[in-house]
Each structure stands twice: as C-alpha cells, then as structure tokens.
Amino acid sequence: MKNRIVKVPSMKKLITLAPGFAKKELATYKLDILALCGFGCRYCSSNTGNYLRINAEKFSTCVEQQTGKTSKHVADPSLAYVYPGVVNQLKTELMQKSKSFGKGHTLIFSMLTDGFSPFLVEEGTTRAILDLVLRMTSFRIRVLTKNAVVGREDWVQFFAKHADRFVVGLSTGSLDDTWSQKVELGTSSPSDRFAALTKLQDAGIPTFGMLCPVFPDMMDNGSLEHMIELANPEAVEHIWAEPYNDRNNWRLVRDSFPKQSPAYEWFTEVYENKESSIWSTYATDIYARLQAHAVNNKWLSKLRYLLYEDNIIPSDSMRFHGLNGVLLQSKPDNFGYSQNPAIARLQP
C-alpha cells in the first residue's frame, strides 16, 4: 500500500505523559512523530480516537488543499498525516530539558501511530528521532511496531549497541498472513513479525510480546497457544494480550472474513445482534488459556492481560479468580473498584 502523504500541524509537545499506557504498565511517557501512521489497520483504535476526532476538520482541510480530494482517514487507509520538521521540533523541545529527563521512566515509541512507518524509516526520520532520544534523554525506550524491519541486520545492530536503553516488541494478534493483508494494510506479515522478534531475541536485545488484539479465529485449533510460543515467553520481559474490543470499526474487520465463516458470524452476533455474553466468554477463554499456558510453563509473572471488564458476565467472572496477570482497563468507581460488581468482588 503506497501512502498519500499529507502534512498537518504538529502536536505542541511531542513527548508527553501517557496515563492510558501507564495503566497498561507499558510506559509513563509517549512519543508520536506523526498524526496518522503509514499502516492502515482497519481495527486501529486511533482512527476513531480523540486526537483525530478533535482535529478532523483541520486535517480534512489539509487533505483537500494538498491532494485536491475530500477524503477522511477512516475511509481512506492510504492517507498518512505527517508532521513537517519533526526532527528539529523534537531537538528544540529536548534542548529545554536536562539529560536526566526520563531517568527511571519508559517512553513508548509509539502510542497512537507507528514510528516505523515505512516512509519514515526510508527517509531516515525514525533513526534520527531515536538518536535524539538516546543522546538527549535518559528514557528507556519501548519500541512498539508492526514493521519487521526491526529484525533487519542494521536495526538489530543499532538496538544491540544500546541494549540497555531499548525493549522491542511487534504487535501481532493473528497467524494468518493472507487475512492480515486484508485488514492490516501495509504492515509486515505476522510470520515476518515473529521472525523479526526471534532475530532480536537471538541477538540478546530485550523484547516483549504483544498479542493485541487476539482475534476470535485464533481460538481454534490451538492457534492461541502457537502464537504464545512464537512470542517465546522464556525470552521476553513480559507478554501483553487483549481481546478484540468494539472500536466502531467492527464491520470493516468482519468483512475481511468470508461470509458464513465462524469469525464473520461471531462479529455479527456480538456487535450487530448485541450478544455481549458471547464476547464475555471469548475474553474469558483467552485469559484462561493464557493463564494455563503461563502456569504450566512458569511465566505467569510476565502476563499482562488488558481487560475492559464492563461486559464480563457473572458466570464468566469467577474464571478470573485472583486476577493474576490481569490489568483492569475500564473506568473504576470512586473507590478504585471495578464498576462491574462481579469483577469488583474479586478485587482485594
């Protein structure tokens, strides 16, 4: 997929606190170097998130002025919104900080977008940005990407040279390369992502697993367990995982599966027919199988299961007993407990 590059006004500050990712225990700060990345993942939460929604009119004007077309990012996955002069902007921003900025903290690269979008890598922007963060801050940098280029020899050498500053992960929620081409437009294939992760691990570079989201067809034929093993729990620092959550784009995801297939019917039942109990059982089954694998293979301390627990039904809730490895993501009540009474009863 060739991107149509549109220049848009940058965020005022590039490095900011990331409370949402702090809750996920991924990072306390975040760095995004573009507004809409070069990968057109049809399920991406950023596409309908606050940042693009608030700036929708402004960015749409930029699209029309620069391309002559009126096109919205949700409808046109080829669009990429870039910040002109982002390297100089970050340098200016960091010159106002001391070298100790970020000491003891993790910076996610990136949270809303993919900093390894192909055109950024090719033009040297990604490398220049990471060099600045290394030279001018003390952050540990968590690289999160869908681009298997991080397993290329030059990047492996780069990360290895700074292994005390990086931890690298490739987000993958499927093992189906053919399906991925339909719904994760422009990304590296799942098999290439796992191959890149293995190369990083073989080189002694700190890594993490990111099984996000685990799509419903991964629940068949031991696919989930195979995906866990490809992430190599023994080698990673942690493994994050989550179910697919409704992001107002479920039809796009459903239509990537053949009609009458179990996955197609699953999306129809859950989101069109509002059978939320089906989602509850699916989300619970993912956790139960992750936990079983983790217990049997002694990596439970590494599990980080991200659960928006509102729709977990009482009959499923007891399977989360102890909440081992579970990070509740729904907004809590005023006392810090889940607003789902069945889950709140499990909390200490």
Inset, instruction - Test residue 16 against the criterion of being surrounded by fewer than 20 Cβ atoms within 10 Å (Cβ to Cβ) and touching a His at 6+ places or on another chain (Cβ under 6 Å), and give yes or no. - result: no
Legend entry - Tabulated pairs, the stretch 169-181, first touching a residue at least 12 places away in the same chain (Cβ under 8 Å) and over 11 Å from residue 218 (Cβ atoms), second in a strand (DSSP E or B) and among the basic types (Lys, Arg), C-beta under 9 angstrom, 6+ apart or interchain: 169/142
Inset, instruction - Would you be able to say whether some residue in the stretch 194-206 is outside any loop (DSSP other than H, G, I, E, B) and more than 20 Å from the chain's Cα centre (by Cα)? - result: yes
Inset, instruction - Take residue 200 and decide whether it is touching a Gly at 6+ places or on another chain (Cβ under 8 Å), touching a residue at least 12 places away in the same chain (Cβ under 8 Å) and either outside the structural domain of residue 325 (by TED's automatic domain parsing) or farther than 24 Å from residue 26 by Cβ (or both). - result: yes
Inset, instruction - Restrict the check to the stretch 236-251 and report whether at least one residue is under 30 Å from residue 299 (Cα atoms) and part of a helix (DSSP H, G or I). - result: no
Legend entry - Some residue of the stretch 297-318 being in a loop (DSSP other than H, G, I, E, B), closer than 15 Å to residue 244 by Cβ and either in contact with a strand residue (DSSP E or B) (Cβ under 9 Å, 6 or more places away or on another chain) or not assigned by TED's automatic domain parsing to the domain that holds residue 238 (or both): yes
Inset, instruction - Kindly provide the set of residues from the stretch 127-146 that are in contact (Cβ under 8 Å) with a residue 60 or more places away in the chain and closer than 26 Å to residue 191 by Cα, ordered by number. - result: 142, 144, 146
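If you go through the stretch 278-286 one residue at a time, do you hit one that is without any contact (Cβ under 8 Å) to a residue 24 or more places away in the chain and over 21 Å from residue 240 (Cβ atoms)? Give the derivation first.
At the first step, the residues of the stretch 278-286 found to be without any contact (Cβ under 8 Å) to a residue 24 or more places away in the chain are 278.
Within this subset, residues satisfying the condition of being over 21 Å from residue 240 (Cβ atoms) are 278.
Yes, some residue in the stretch 278-286 is without any contact (Cβ under 8 Å) to a residue 24 or more places away in the chain and over 21 Å from residue 240 (Cβ atoms).
Got at least one residue in the stretch 211-231 being in a loop (DSSP other than H, G, I, E, B), acidic (Asp, Glu) and either within 23 Å of residue 49 (Cβ to Cβ) or more than 14 Å from the chain's Cα centre (by Cα) (or both)?
Kept after step one, since they are in a loop (DSSP other than H, G, I, E, B), are these residues of the stretch 211-231: 215, 220-222.
Subsequent filtering for residues that are acidic (Asp, Glu) retains 220.
Next cut, either within 23 Å of residue 49 (Cβ to Cβ) or more than 14 Å from the chain's Cα centre (by Cα) (or both) only: 220.
So far as the stretch 211-231 goes, yes, one or more of its residues are in a loop (DSSP other than H, G, I, E, B), acidic (Asp, Glu) and either within 23 Å of residue 49 (Cβ to Cβ) or more than 14 Å from the chain's Cα centre (by Cα) (or both).
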Inset, instruction - Just name the residue that is modelled with the lowest pLDDT out of those in the stretch 139-193 that are of a type in the set (Lys, Arg) and either surrounded by fewer than 22 Cβ atoms within 10 Å (Cβ to Cβ) or closer than 24 Å to residue 22 by Cα (or both). - result: 182
Legend entry - Failed criterion for residue 131 (all others in (1) crowded, with 20+ Cβ neighbours inside 10 Å; (2) not in a loop (DSSP other than H, G, I, E, B) hold): (1)
Legend entry - Residue under evaluation residue 345, criteria (1) surrounded by 14 or more Cβ atoms within 10 Å (Cβ to Cβ); (2) touching a Ser or Thr at 6+ places or on another chain (Cβ under 9 Å); (3) without any contact (Cβ under 8 Å) to a residue 40 or more places away in the chain; (4) not acidic (Asp, Glu), criterion not met: (1)
Legend entry - Residue pairs meeting the criteria (Cβ under 9 Å; at least 6 apart or on separate chains; first touching a residue at least 40 places away in the same chain (Cβ under 8 Å), in the stretch 288-304; second loosely packed, with under 13 Cβ neighbours inside 10 Å): 294/301; 297/234; 299/234; 302/237
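Among the residues of the stretch 27-66, which ones are touching a Ser or Thr at 6+ places or on another chain (Cβ under 8 Å), within 26 Å of residue 96 (Cβ to Cβ) and assigned to a loop (DSSP other than H, G, I, E, B)?
27, 28, 32, 33
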Inset, instruction - Would you check if residue 131 is of a type in the set (Asp, Glu) and over 22 Å from residue 45 (Cα atoms)? - result: yes
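Taking into account only those residues within the stretch 302-339 that are among the hydrophobic types (A, V, I, L, M, F, W, C) and in contact with a Leu (Cβ under 7 Å, 6 or more places away or on another chain), which is farthest from residue 209 (Cα to Cα)? Talk me through it step by step, then tell me what you get.
The first filter runs over the stretch 302-339 and keeps only residues among the hydrophobic types (A, V, I, L, M, F, W, C), leaving 303, 306-307, 312-313, 318, 320, 323, 326-328, 335.
Still in the list and also in contact with a Leu (Cβ under 7 Å, 6 or more places away or on another chain): 303, 306-307, 320, 323, 326-328.
Numbers: 303: 9, 306: 13, 307: 16, 320: 21, 323: 20, 326: 15, 327: 16, 328: 19 Å.
Only one residue fits best here, namely 320.
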Legend entry - Odd one out for residue 120, checked against (1) in contact with a Gly (Cβ under 8 Å, 6 or more places away or on another chain); (2) over 21 Å from residue 186 (Cα atoms): (2)
Legend entry - Number of the exception - residue 41 against (1) surrounded by 15 or more Cβ atoms within 10 Å (Cβ to Cβ); (2) touching a His at 6+ places or on another chain (Cβ under 9 Å); (3) of a type outside the set (Ser, Thr, Tyr); (4) closer than 30 Å to residue 325 by Cβ: (2)
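The values are calculated or read from the model by the stated rules, or taken from the named source; none is laboratory data. Everything quoted here is computed from the prediction, not taken from an experiment. Cβ sites come from the backbone with ideal geometry, for glycine too, and all protein chains shown count toward neighbours.
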